[in-house]
1. Determine, from the Cβ-Cβ distance of Gln41 and Ser16 and an R0 of 35 Å, the FRET efficiency 1/(1 + (r/R0)^6), rounded to the nearest 0.05.
2. Along Cα→Cβ, 7 Å out, is where each label goes; now give me the distance between the ones at Phe63 and Gln51 in nm to one decimal.
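Every number here is computed from the coordinates shown, using simple stated rules; none is lab data. These figures come from a predicted structure and were not determined experimentally. Cβ sites come from the backbone with ideal geometry, for glycine too, and all protein chains shown count toward neighbours.
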Amino acid sequence: MSGSVVHSSRNSPSRSVAQLAAVSKALDRAGFKIISTGMQQCQMARERGEQPPISQERLEKLFLALS
């Protein structure tokens, strides 16, 4: 952890918690976007008569891991 983050957390714990919450939310959104893209790729592969790059079951497990 950088000194500035540690220093600011000593001065304002609520600010640090707010920053951590924002990072957590951003990571969740990125994860859901990745899963959404995977679902789209699977659907397009099926429409072309190809094998999807990942199974629907695996996507469901990844989704549930995020929620």
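1. On the way: r = 38 Å, r/R0 = 1.08.
The value I calculate is 0.40.
2. It is 2.3 nm.
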